[in-house]
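Asks: After the structure tokens below, expect a handful of questions from me.
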Amino acid sequence: MNVSHWRGVLLCLVATVSWGGMFPVMTDALTRMDPYTFTSLRYGIAGAAFAIALVIAEGWRGLSLKGERGLLAWALGTIGFVGFGYFVFLGQKLAGPSGALNASVMMATMPMLGVLVNCALGKATPTAASFLFILISFGGVASVITKGDFSALVLHPQNYSASLLIVIGALCWVLYTIGPAFFPAWSPYRYTAITSVLGVISLFVLNAIFLAAHVVSLPSSEDLIFVVPHLAYMAIVAGFIAVLCWNFGNKILTPQIGVLFQDVVPVTSFIVSTLQGIVPAEPQIVGAAITGSALILNNLYLRRMKRAEMPPHEDLSS
């Protein structure tokens with residue numbers, strides 16, 4: 001493996017470790033602010049930072065969309081930043097104290113969701129073995145959210161609507177991650193900045209509608225002061241730094257490999273939550289291990305299949 005590959009690995013690790021810490025951080029923040037307003041503030045700050053980084057790296061021309069697929073960029077930004085922020089953190093809020101652990105494990109489903117998305121787009125059809133790993137992965141997730149009581153999924157499905165919202169949010173991020181394939185000439189700086197700025201416009205419009213419809217209310221000054229440290233972490237570390245590292249890392253490794261690093265998210269989140277006094281139950285730990293194992297085994301299987309299909313003179317490790 002060359003230096004570029006390891007750089008991609010490091011970038012993806014920085015992103016996923018940062019994201020693993022964001023769910024415990026959001027546990028406190030969501031007690032004082034709704035997920036819609038918080039997401040708007042978070043990405044409003046991060047979006048401005050992305051735009052500044054793009055101008056520094058590529059000049060003002062980098063922000064121009066003349067002759068580009070602006071509507072698609074807006075759709076991807078809205079899916080990635082609105083969809084992920086709204087669905088995941090609303091689900092975490094509804095899930096209560098265990099929401100951080102549940103949400104972090106849902107992030108580990110992204111590789112399997114990516115397989116299903118690629119299949120839906122006609123890019124690849126999962127083999128029987130990959131489909132089996134998908135089922136095992138979701139079985140592990142079910143163990144986490146039900147704490148081992150699988151019958152509850154059938155007997156009390158209404159109790160798991162929060163988990164469904166989180167999965168929808170994870171799917172939104174998968175769609176955003178494969179988005180650069182539609183903009184091959186764009187640098188990670190440009191893709192991140194333009195999609196985030198367009199996504200922030202959607203966030204502000206939707207938040208204004210929610211305020212007008214009294215779905216949410218303006219936060220008090222006390223609440224704003226309380227969430228400042230949470231907002232700093234979410235906007236700068238888990239927002240600006242993590243998203244840039246993620247998009248650069250995926251540019252190097254490809255989304256198919258990069259998305260596998262989402263398995264780091266629940267590990268980090270479990271550690272941070274435990275330090276905060278929220279100890280995962282044994283079925284949750286086992287479920288997370290099952291999901292992680294399924295991801296690793298599926299990756300090893302796909303690499304073996306790819307190696308078997310390659311001509312003898314090619315080297316997969318290069």
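Asks: Among the residues of the range 92-100, is any crowded, with 17+ Cβ neighbours inside 10 Å, of a type in the set (D, E, K, R) and out of contact with any Cys (no Cβ under 7 Å at 6 or more places or on another chain)?
Replies: yes
Asks: Now for a separate question. Quick check on the range 25-33. Is at least one of its residues among the charged types (D, E, K, R) and over 21 Å from ILE194 (Cα atoms)?
Replies: yes
Asks: Let me ask something else. Which one of these is among the aromatic types (Phe, Trp, Tyr), in contact (Cβ under 8 Å) with a residue 24 or more places away in the chain and farther than 21 Å from ALA73 by Cβ: PHE210, PHE240, PHE248?
Replies: Just one listed residue meets the conditions, PHE210.
Asks: Quick one: how many residues across the range 38-89 are part of a loop (DSSP other than H, G, I, E, B), in contact with a helix residue (DSSP H, G or I) (Cβ under 8 Å, 6 or more places away or on another chain) and hydroxyl-bearing (Ser, Thr, Tyr)?
Replies: Within the range 38-89, the subset part of a loop (DSSP other than H, G, I, E, B) is 59, 64-69.
From what is left, the residues that are in contact with a helix residue (DSSP H, G or I) (Cβ under 8 Å, 6 or more places away or on another chain) are 65, 69.
Now restrict to residues that are hydroxyl-bearing (Ser, Thr, Tyr): none.
Result for the range 38-89: 0.
Asks: Can you name the number of the only condition in (1) of a type in the set (A, V, I, L, M, F, W, C); (2) buried (at least 20 other Cβ atoms within 10 Å of the Cβ); (3) modelled with pLDDT of 90 or more that ALA48 fails?
Replies: (2)
Asks: Take the range 204-245 and flag every residue that is of a type in the set (Gly, Ala, Ser) and under 15 Å from ARG42 (Cα atoms).
Replies: ALA232, ALA235, ALA238, GLY239, ALA242
Asks: Follow-up question, since we're still on this one. Does the range 184-198 contain any residue that is closer than 30 Å to LEU275 by Cβ, touching a helix residue (DSSP H, G or I) at 6+ places or on another chain (Cβ under 7 Å) and at pLDDT 80 or above?
Replies: There is no residue in the range 184-198 that is closer than 30 Å to LEU275 by Cβ, touching a helix residue (DSSP H, G or I) at 6+ places or on another chain (Cβ under 7 Å) and at pLDDT 80 or above.
Asks: Residues in the range 242-253: is at least one over 17 Å from CYS12 (Cα atoms) and either small (Gly, Ala, Ser) or assigned to a loop (DSSP other than H, G, I, E, B) (or both)?
Replies: Looking only at the range 242-253, we keep the residues that are over 17 Å from CYS12 (Cα atoms), and these are none.
No, the range 242-253 has no match at all.
Asks: Let me ask something additional. If only one of ALA108, ALA103, ALA129 is under 15 Å from SER293 (Cα atoms), within 12 Å of the chain's Cα centre (by Cα) and among the hydrophobic types (A, V, I, L, M, F, W, C), which one is it?
Replies: Selected residue: ALA108, the only one of ALA108, ALA103, ALA129 that is under 15 Å from SER293 (Cα atoms), within 12 Å of the chain's Cα centre (by Cα) and among the hydrophobic types (A, V, I, L, M, F, W, C).
Asks: What's the total number of residues in the range 268-291 that are modelled with pLDDT under 75, of a type outside the set (S, T, N, Q), surrounded by fewer than 19 Cβ atoms within 10 Å (Cβ to Cβ) and touching a helix residue (DSSP H, G or I) at 6+ places or on another chain (Cβ under 7 Å)?
Replies: 1
Asks: Here's another thing I want to ask about it. Taking the options LEU218, LEU116, LEU206, LEU164, name whichever one is modelled with pLDDT of 90 or more and either among the hydroxyl-bearing types (Ser, Thr, Tyr) or part of a helix (DSSP H, G or I) (or both).
Replies: Matching residue, one of LEU218, LEU116, LEU206, LEU164: LEU206.
Asks: Being part of a helix (DSSP H, G or I), in contact with a Pro (Cβ under 9 Å, 6 or more places away or on another chain), under 16 Å from ASN207 (Cα atoms) and not polar (S, T, N, Q) is the filter here, so list the residues in the range 1-37 that pass it.
Replies: Across the range 1-37, there are no qualifying residues.
Asks: So which of LEU13, LEU65 ends up being under 16 Å from THR195 (Cβ atoms), of a type outside the set (Phe, Trp, Tyr) and surrounded by fewer than 18 Cβ atoms within 10 Å (Cβ to Cβ)?
Replies: Just one listed residue meets the conditions, LEU65.
The values are calculated or read from the model by the stated rules, or taken from the named source; none is laboratory data. On a predicted model such as this, the values are computed, not experimentally measured, just so you know. We place every Cβ from the backbone using ideal geometry, glycine too, and count neighbours over all the protein chains shown.
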